[in-house]
Every structure is written in structure tokens, then in C-alpha cells.
Amino acid sequence: MHRSPALWTAAILTYLFLYLPLVIVVAYSFNDSRLNAEWVGFTWHWYRVLLQDAGMLRAAANSLFIAFVASSAATVLGTMAGIAMQRYRLRLLPIMVLSPVAMPEILLGVSLLLFFIQVLNLTLGMLSVIIAHITFCIGFVAVIVRARLVGMDESIFEAARDLGATPWQAFRHVTLPLILPAVIAGFLMSFTLSLDDFVITFFTAGVGVSTLPLQIYSMIKIAVTPEVNAVSTLLMLLTLTLLLLASRIAPDVLKGRAV
Amino acid sequence: MTRPTISRAHLVKWLVSSPPLLFLLLFFVAPGIIMVVASFRYPGEFGGLAALYSPTPNLPSGLTAEAYRFFFSDPIYAEIFVKSFAVALATTFICLLMAYPLALLMARSPKRQRDLMVLLVIMPFASNFLIRAYAWMIILGPQSALSRLTNDFLLLFHAGPVPLLFSPVAVLVGMVYVHLPFMILPLYTNLERHDPLLLDAAQDLGASAWQRFWRVTFPLSLPGIFAGSALVFIPALGVFAIPDILGGTHDMLIGNLIKEQFLGTRDWPFGSALSILLTVAALAWAGLAAGLARRWRHYA
Amino acid sequence: MALLELRNVTRRFGDFVAVDNVSLAIEAGEFFTLLGPSGSGKTTILRMIAGFDLPDAGQILLDGRDLADTPAENRPVHTVFQSYALFPHLSVADNVAFPLRMAHRPSEEIQRRTQQALQQVRLPGKAAAYPHQLSGGEKQRVALARGLINRPRLLLLDESLGALDAKLREEMQVELIGLQRELGITFVFVTHAQDEALALSHRIAVMNRGRVEQLDEPDKLYGFPRNRFVADFIGNINMLDAQVLENTHGHLQLGIDGLGEVLAPSMPGPMAGGHGLLALRPEQVRIVAGSEDIDLKNRFSGQVRELLYHGDVTIYTVALANGALFKALRPNSTPGRATFFEVGDAVTVAWRHDAGVFLHD
């Protein structure tokens, strides 16, 4: 089809716009200078500082733990939601499942803060963050699982029951194997989202818990050193790997078709 | 007459849909309701919320519309709302202008290339948005190459050095940068579904390249434009971290205001009222977009 | 006792009555077809027999027992779906073995019976293949093997041959008949293709708008349709408005406006003065050149308006004196000549005095 040179130029410029800033962040993480201004020389120094930063390491451990627990729960609940949305056409469920995804994050963060403290009398900490993460991750998993089910011949689930399978047997032998790629992709996406989340975590973490994004934020606000670049680079690497894995396992679902 | 087999199917249906439903009712709907109620209460003595039924007679209790009245009492708050809308609209528009050529190129490329291009769009998405905002701190910082270049350029006209960082421009650039992938993907999804034969038919009937775009491609892409705009505008309304990092003290948006209320001054009723107003604004926009999208749905 | 019985079964969807007080009995070992246009209720009945839907009123009895309490997975009834519904993630062998696995049969029995089933549908070499690697006809056979492996009391087929092209369809029809006769399992077949129904079935129930119009053997349905719908739905037919002049032993005398008197086979019921339709199959109508003489009581002259060449036969549409258009079928059995008549030719159409059926209004 028509791909004029003007189109190519505009497109390449957009790609450059998307990537250049990130390339700079990564590049300067190896820069032998306190300032993010000019290139002085190559060094691993900032990574060494990073690995000795106790606060940072604790935040990283927290992030991974929270991400693991939250995505596991969100995957189970989201898979159930995705199946229910596709098979039972309830009208309430899609609205409730997708709203946390579609609204400004700050609203979710603030309302949960209010809820935890005022109603549940819960001290903000790990639990509140995990619950908050599950809430917004359910929607992503549900959309991915549903997208997988949409393309399939509905009658095979009926056929399973017709041929003698109880509802549980039908799920175990027919539904689950077929949605497994979407379930795994959903888990990986949730993991990524949880690792990267800032706004909601900011409001629900309280003073006790820090995660990587929260650490990055305070570093940016208080004292900017290339240590920020280093931790950013590592975080980017991790989420990139997870996304690539997810796109391998469930290719069509992640090609923007879930949107 | 009893219908036992059907009620077993009903049981399964509720077994599958209730856990997520209950979870969201508890942790999404209930907090929302609490917030609505909170916006109608008095602030507590040490921040937070005052009790609904106060034991001491001289402390305020019960419900009141004070928070909303406070909002309308000072024009500065409405100003911030309008500014946030303006920034979100500008962000959406700029994102659309930048995303369209790329999405068009992607949609018109052969399948192999397309998948790669989509992956290339999603990858920057993999970075935390703080990192993406921070990247612009580097690029727009006073020591950066770009800053020095612009200041040298301005020097030619004897104009003073203009700080690129901590300015409305920086905030806008950061907003566009962070939200761009959300505009590219829905646009691409829509454009990919266009039937190339339509353009051939238009050409056959005498349409020039621009006419083909404006009269065929663009109208058909409207649902994608709406979807992308919704995915950019609504989150953009509520950002606080980007103006916080890239903006100056005068660049406060609704998000910053809300954050201040909840974590700074601890005036929770006011913060809740602001959040409710923000929600209403976001819902109104979403409703408008959905309505328009449904009107034009049969095009694509 | 009939194998499967429907007693006064009704099913409604809101205001729409899909199945309207239907009663019928299906005998063991027969190939029974539900035939009708879309929306006639045939698929709804099938789903109720399978257990995916329950009647709003009436009963469905298998061997005399009401099926209402039995969920689909416990009914000794299996379905071959229109899209075949093969499990894409399982091999052909695993697909066919599925019912046995669900019933927790021992694995060596599963292996043996799967092999047997595949042999029966003539697909022994495809055990390890996956559904997406199969052709339409092969998928059909896997679906059949899967539905039959358990020896169900009934096999339900929902428009299963619909997706196949003409040649393959014919082959599958022959195979289906062979399989059914060989296994002796009762087949309940749903289709809207009347030629298929006529070819495959022992008995056919013609359905229209939720009701059974006529339940009969194929040749009776074709030769003696009981009302206008059945006459029209099955095969091609000519219909002329007729008035009963006389009904005496031996024949029915009918008067046709603009044409004259016509003799039809006698039947109890019609009395002088009654109105109705004379229904005639095109193959019962002989067509000869206008000048030729023909020794049949019912004969009229007309002009060829159209002809449809089908290779083995040609169907001529003839305009009669009263303006009615009549279809006559003539085999192209004369070597060296394609069609006998051209458009515009003057012809005579004629039929026997005992041909045709009189249908009441």
C-alpha cells in the first residue's frame, strides 16, 4: 500500500522521539560523572552504588514480592472474570472490571487510602498495596483472557459436556488448556504493571513500605544522581524481558487487539 | 415445573463470576461510595475526617456541603480545573498528530514488519513512567545539550536564557511522551482493519492522495481516534507526578491539588470533593466519547 | 415402546414460540430427520433432547423415563455439531477418546476402542493429526467417531453436512447411511435441505413455525403432501387453484379457471363445491410438441416461456391458456440433442388422470 517518504519520515521521527530519551537514561547510567550533562567516561560505578544501597535493595525485594502476590491473585480473579464476561454476558461485570483500568489512577489511590484508614482501620503497608494492585490488575487479565475466548468456536465447550464431561472436567480438559497462553500473558502483564506502578502505590503504601518506583521518585525529588539511571535501566530490562516473554506466549492478544 | 439442570448451570455461573465481583465491590465500589460520603463531611481536628456523630457539642459533625462551597469560593480552584482540562486536551491533540503517521505506516506495512513495529511501540511502554519523565529532566535540564543549544540560539537575538525544565512546556512534553503509546495502539488497531480496496476504488473514481486520506481513511479511523483520545485524555486529567517532576511551582494541576489535600494539608473532605468533581468530569468525557463513537461505529 | 418420545413439548423465548406443543415418537434404529426452514424449531428440539435446554411445558422421555432431571453430560445422547466442535488442542485420537476419558475407562480399553472407531469412519492413519490439519470431510468423520464411540442411544446431527461442497456432501450422505445401518444406532438429523432429508431418512418430520406439518416416510411426503407448505417445501411442485365438481368412486373431477376440467385421483373428504389446490410434480407432467397427439385425459396447450438446463434433465416453464406457469421436467435422454424445445415453442402438457394430489385450502 501507499507508504510515502513523508509518511516514513514522520513515523521514524516519532519512533526516535519514543526511544531517544530512554537511550539517554541508559547511556548516562554508565557515565562517569555526577551530573547528567556531558559524557565523561564509561563506568560501572553507579551500579555498584546501587547494589550497596540497602534501602534500594529492600525496595526491590518488596516490589518483587508485592508483584508476585498481587499478580497471582489478580490472575485467578481476572481469569474467572474473563470467562464470566465472555460466556455469561453479565452487564455489571465488564463495567466493574474495566473501570479501574480506564479511570485516572489517582482516584483509585485516594479512594483506597480513604477506605483503608477510615473504614477498615488498616495501617497502610504491604497488605494495602497488594490489595490496591490486585484491583487494577484484574481488568487487564480479564481483557486478555476474554480476547482469547472471543476467537474460539463456542460449541466446543458444549461438545465437552455433551460427550460426558462434568463442568469441572470441561474446564480442566478443554477450557484451561485453551486459555492457558492468555492466563500466563495476563500474569506477566500484571507482574509488569505492579512492578511499575507509582501513583496507586504512592497513596496506599504509607510510611512503612517502599517499592522501586517510590524509591525512584524520592531520589528524583531529593537528590538526582546517575544511581537513578542505573536503577531505571535495570527495571527497564526486567519489565522488557517480561513483556517479550508475554508476547511470545500469547502473540495476538498483546498486539494492541486487547485494546 | 422444576428445571434442575438449568439451576446447576446457574450455580456454576455464580461460582465463576462472584469472586471477582465481590472483590471489586469491596475494594473498588465501596471506596468510591465512601469517598462520595467523605466529600460531604467536616475535616477532622488533626486532619482526616471528623466523626459523623460527635460526642462533644463544640466539634462539627454530620454532613455538609462545605467542601464543595469551598471549591467554588475561590476562583483559583476552578482555574486549576480548567488548566488541567486544557493540558489534557493539548496532550491528546499533540499525541494524535504524532501518533497518526506512525499508526498509518504500521497499518500499511506487510504483516511481518507490522508485528515488529508494534513490539517496538510497546517496548518503551515497558519502562516506568517516572523513568520516562525523568528522561526529560535530563534532556531539558540546564546542563543538557538541548538547553545550551536553545540558549545559544536565543543569545543571537539578545534574549535571556530560558529554562526549559520546570516550565509548562516541559510538563506538556512529558505528558505527551508518557501517553503516546496509548494513542498509537488503538489507532493502529482501527487502521489495520481498513479495507485497502476502498482506497483503490476512491483512486479509480478520481480522488487525489489528500482526498483519499481526508474522505476515506480519516472518517473510517474516527472510532480509533475516539478510543485513543479516551485512553489519553482521562488518565491525563488526573496526573500529578509529571507536573510534580517537570513543572514549576505555578504548574499545579488537579492531581497535585488532590495529592496535597490527602497527604499535605490533610483536608480529606476537600480532597474527596475534588476527586468527585474529577470523576464527574472524566465520566462526562467518557460518555461523550462513547456516544460519538457509537454514532460512527458502523463506519469501521 | 418408542425409544424417544416428545409429549406436548413447548419452548418459548419471550414472546416467540420456538416449539409449539410438539408430540412425536422416534423408534430405535431409525434414521429420523427434522426438516424445515430456519426458525422452524428443529434445532431447538435437538438441543432439548441433548440437554442444553429444557422445555417450558411437556416431557421428553427416553425409554419411557423423563429426561428433565438428567443434565446433558449424563444423557446417553451425543451431538455432532454444525461446526464439528473438535477440540483444537487435542489430536484426532484424543478427540475421539474424549467421552471414554470422561467416563474414566481403563487406558488399554480406550486405546482399543479408539482404534476401532477410527477404522469404522475410515480414518485409521490420522490418529496423531490435529484438527487444523484435516479437511472438512475428515473433520466430519472425526466428529462422528467421537459421538459414536460410546455407543449412545441416540446420535444427534445438527446440519452437519452444511459446510461441505456438493460432491463431498453426496459422498458423506452415502457414508452416513452406511454407518447408521451398520451400527443400528438411532440418528436424529436436523437439516433444511429437503433433498438430503429424502435421501437419508427412514422418516421425516417436516416442521414449520414450531409445529410438525407432516411426519411420514420420504416417499409418502413427496408423493402425498398433506398441505400446501409440505408440498411447496419438498421438491418442485406445480399448484393450480381448483374447484371440486364431483367426487365419485375412482376419481375427483376438478374445474380449473380458464383451463377446463381436470381429473385427479380420488380421496375421501372433498365434496362438490369445495375449493383447493391441485398439486403436481414436474416429472409427472409430460411435454410434447403442440402438433403431436397424446393419449392422456388431462392435456392443455401452452407456450414455452423459460427453460433450465440441468445436464441430465431440463425443466421447462410453460405458460398455459389461463396465464398460469407450469413446470414440466423432461430427461435429456435422446443422444445428440441437448434440449427438445426452445423458448417460444408451442407445446402440449399432459398428465395422467391418477397423477397429482388435491390439497384443501
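The values are calculated or read from the model by the stated rules, or taken from the named source; none is laboratory data. All of these numbers come straight from a predicted model, not from anything done at the bench. We place every Cβ from the backbone using ideal geometry, glycine too, and count neighbours over all the protein chains shown.
Computed values, structure above
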{"item": "Residue in the range C:204-222 that is in a loop (DSSP other than H, G, I, E, B) and among the β-branched types (Val, Ile, Thr) present", "result": "no"}
{"item": "Conditions (1) crowded, with 21+ Cβ neighbours inside 10 Å; (2) closer than 30 Å to A:Leu35 by Cα; (3) touching a residue at least 12 places away in the same chain (Cβ under 8 Å): number failed by B:Ile138", "result": "(3)"}
{"item": "Conditions (1) more than 7 Å from chain B (Cβ to nearest Cβ); (2) more than 24 Å from the chain's Cα centre (by Cα); (3) without any contact (Cβ under 8 Å) to a residue 60 or more places away in the chain; (4) part of a helix (DSSP H, G or I); number of the one not met by A:Arg87", "result": "(3)"}
{"item": "The range C:114-135, residues that are within 14 Å of chain A (Cβ to nearest Cβ), assigned to a helix (DSSP H, G or I) and farther than 18 Å from A:Glu158 by Cβ", "result": "C:Thr114, C:Ala117, C:His132"}
{"item": "Residues of the range A:145-201 satisfying the condition of being of a type in the set (Val, Ile, Thr) and either more than 11 Å from every other protein chain (Cβ to nearest Cβ) or touching a residue at least 40 places away in the same chain (Cβ under 8 Å) (or both)", "result": "A:Val145, A:Val150, A:Thr175, A:Ile179, A:Val183, A:Ile184, A:Thr192, A:Val199, A:Ile200, A:Thr201"}
{"item": "Meets criteria (under 29 Å from the mean Cα position of the chain (by Cα) and not acidic (Asp, Glu)) for C:Leu155", "result": "yes"}
{"item": "Residue identified as of a type in the set (D, E, K, R), at pLDDT below 80 and surrounded by fewer than 21 Cβ atoms within 10 Å (Cβ to Cβ) among B:Arg148, B:Arg114", "result": "B:Arg148"}
{"item": "Set C:Met267, C:Met271: member being in contact with a Phe, Trp or Tyr (Cβ under 7 Å, 6 or more places away or on another chain), exposed (fewer than 15 other Cβ atoms within 10 Å of the Cβ) and outside any strand (DSSP E or B)", "result": "C:Met267"}
{"item": "Matching residues in the range C:50-79 - criterion: being surrounded by fewer than 23 Cβ atoms within 10 Å (Cβ to Cβ) and closer than 21 Å to C:Glu196 by Cβ", "result": "C:Ala50"}
{"item": "Segments classed as helices (runs of 4 or more DSSP H), wholly inside the range B:207-298, with at least 1 members that are in contact with a strand residue (DSSP E or B) (Cβ under 9 Å, 6 or more places away or on another chain) and either within 10 Å of chain A (Cβ to nearest Cβ) or free of Cβ contacts under 8 Å to residues at least 12 places away in the same chain (or both)", "result": "B:268-295"}
{"item": "Flag for B:Leu105 being assigned to a helix (DSSP H, G or I) and either surrounded by fewer than 20 Cβ atoms within 10 Å (Cβ to Cβ) or acidic (Asp, Glu) (or both)", "result": "no"}
{"item": "Residue within the range C:237-254 that is part of a loop (DSSP other than H, G, I, E, B), crowded, with 16+ Cβ neighbours inside 10 Å and in contact with a Pro (Cβ under 9 Å, 6 or more places away or on another chain) present", "result": "yes"}
{"item": "Residue satisfying all of: in the range A:106-127; within 20 Å of A:Thr75 (Cα to Cα) and surrounded by fewer than 24 Cβ atoms within 10 Å (Cβ to Cβ); farthest from the other protein chains (Cβ to nearest Cβ) among these", "result": "A:Met126"}
{"item": "Residue, surrounded by the most Cβ atoms within 10 Å (Cβ to Cβ), within the range A:50-76, restricted to residues that are in contact with a Cys (Cβ under 9 Å, 6 or more places away or on another chain) and at the interface with chain B (Cβ under 10 Å from one of its Cβ atoms)", "result": "A:Ala74"}
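Residue-by-condition table, conditions (1) touching a residue at least 40 places away in the same chain (Cβ under 8 Å); (2) within 11 Å of another protein chain (Cβ to nearest Cβ); (3) outside any helix (DSSP H, G or I):
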site: B:Phe85; (1), (2), (3): yes, no, no
site: B:Arg112; (1), (2), (3): no, no, no
site: B:Asp115; (1), (2), (3): no, yes, no
site: B:Leu120; (1), (2), (3): no, yes, no
site: B:Leu155; (1), (2), (3): no, no, no
site: B:His158; (1), (2), (3): no, no, yes
site: B:Leu164; (1), (2), (3): no, no, yes
site: B:Val169; (1), (2), (3): no, no, no
